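A short reminder: the numbers here are calculations on the coordinates, not readings from a lab. On a predicted model such as this, the values are computed, not experimentally measured, just so you know. As a convention, Cβ positions derive from the backbone with ideal geometry for all residues, glycine included, and neighbour counts pool all protein chains shown.
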Amino acid sequence: MKIIKQLYKASILSKLSLLVIACTLLLAVFAEAIIPDKSIDANKMILELGAKSPGFKKTVFKIAIQKNNTNRSVWSTFWYGEEAKWTYIPYNSISFSKNDVMLKHYIDEALEDTLKINYQTILPTSKQSLNVAEKQAYILNKHTETIHYLLGSDKYGRDILSRLVLGSRVSLAVGIISVVLTLLLGISLGMLAGYFGGITDKVIQFIISMIWAIPTLLLVFAITLSIGKGFWQLFIAIGCSMWVSTARLIRGHVMSLKQNDYITAARALGLSNWRIMYHHLLPNCSSIILVMAASNFASAILVEAGLSFLGIGIQAPQSSWGLMIKEQYNLIITDKAILALLPGFAIMLLVYAFHILGNTLRDILDVKQN
């Protein structure tokens with residue numbers, strides 16, 4: 001409660017960082033309910049509409065896809081999205097004959113061709129008996145739709161807004177799980193080294209020194225290539241490579257805390273080493289743990305984006321901010337550079353928010369300043 005009160009009194013910048021993190025979390029949880037493209041992984045590709053600028057609109061003709069009759073639960077649909085139901089054909093104009101729909105198929109701004117679609121291929125059996133005017137009205141209502149790309153489309157014609165929102169899930173998930181793994185390893189080994197000292201400290205310090213000597217990104221590369229590419233493998237790789245700084249800080253803090261009188265009194269009372277570490281030392285390391293958690297969260301997001309950009313992180317068609325930059329970076333030198341910059345801005349904003357939060361927590365929990 002004290003931390004919450006202090007955060008409430010913090011600077012405007014700190015409050016804005018909390019607002020950014022909270023909004024990102026809400027977007028990640030309720031993504032499928034708010035994004036325009038509700039298909040699985042927001043992977044609705046319309047190649048003719050690739051690399052369109054923000055605000056682009058186009059009317060499309062929809063043709064139903066044969067379903068596999070797979071029953072998806074409400075939870076699965078809420079979290080992963082809906083299965084594709086339609087094939088989309090963008091068009092410039094539409095007209096009707098007695099038996100066919102005539103489309104001026106949009107290919108690009110300077111090119112189109114004519115498509116002819118028979119009524120029988122798109123109308124259900126129950127609608128075959130309608131007169132021509134009724135068939136045309138039904139087709140216009142059921143089989144046409146205007147697609148609006150608020151933030152533009154990628155080179156595959158997928159909605160960038162939808163994929164940005166879904167990418168926040170990956171960044172937050174990587175951050176949370178990696179930080180949990182980092183803290184578990186870092187706190188456990190750091191506390192053992194700092195409390196017991198001696199040979200235990202030397203062995204753990206040797207392990208820390210070896211891992212510390214390897215650049216984080218290269219270590220993540222090695223772990224990823226060893227256990228494979230993918231969603232869960234990425235969590236493990238990042239979590240198992242970022243714990244050393246936490247372990248060193250916890251070790252140093254525990255070495256100073258164990259000299260205090262209350263630890264000496266706890267030993268004199270015959271309390272076990274594990275009880276002393278868990279009930280007396282760990283609570284007094286909470287300030288360092290919170291600050292390191294915020295810092296490691298930001299670092300994990302950056303590492304995940306880097307790995308996905310290099311092709312050994314999140315794999316397509318799943319959405320990731322780093323993967324989106326990889327797919328669009330060739331547009332940087334064109335008039336559509338914003339399509340490549342948007343995921344970069346998202347990464348920058350979220351990482352900056354976590355760094356500001358970490359600095360704010362450090363100031364709040366710094367006993368010397370308070």
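A few points about this structure:
- Cα long-axis angle, helix 244-257 against the chain (0 to 90 degrees, to the nearest 10): 30
- Nearest-0.05 FRET efficiency for Gln66 and Lys15, computed from C-beta distance (R0 56 Å): 0.60
- Gain upon complete extension [Leu47, Lys142; 0.36 nm per residue less C-alpha separation]: 32.0 nm
- Taking the Cα centre of the chain as origin and assigning +1 to Lys and Arg Cβ atoms and -1 to Asp and Glu Cβ atoms, the resulting dipole is close to 720 debye.
- Within the stretch 181-268, trypsin sites (Lys or Arg not before Pro) in DSSP loop having at most 14 other beta-carbon neighbours inside 10 Å: none
- Degrees, to the nearest 10: 132-142 long Cα axis against longest axis of the chain: 10
- Working from label points 7 Å from Cα in the Cα-to-Cβ sense, the Ala316 to Leu341 distance is 2.4 nm.
- Listed by Cβ neighbour count within 10 Å, with the fewest neighbours leading, Cys240, Cys285 appear as Cys240, Cys285.
- The residues neighbouring Ile276, those whose beta-carbon lies less than 15 Å from its own, together hold a net charge of +2 under the Lys/Arg +1, Asp/Glu -1 convention.
- Efficiency of FRET from Cβ geometry, Asn330 and Ile207, R₀ 45 Å, rounded to 0.05: 0.60
- Folded to 0 to 90 degrees: helix 216-227 orientation relative to the chain principal axis, Cα: 70
- In this simple spin-label approximation, Lys85 and His105 carry label points 7 Å from Cα along the Cα→Cβ vector, and these lie 2.5 nm apart.
- DSSP-assigned coil residues among GluC sites (Glu not before Pro) in the stretch 78-137, each with at most 14 further Cβ atoms within 10 Å: Glu83, Glu109
- Centre separation in Å (Cα based) which lies between the stretch 90-163 and the stretch 17-61: 22
- Computed [θ] at 222 nm, deg cm²/dmol, the chain (DSSP H ≥ 4; -39,500 (n - 2.57); rounded to nearest 500): -18000 deg cm²/dmol
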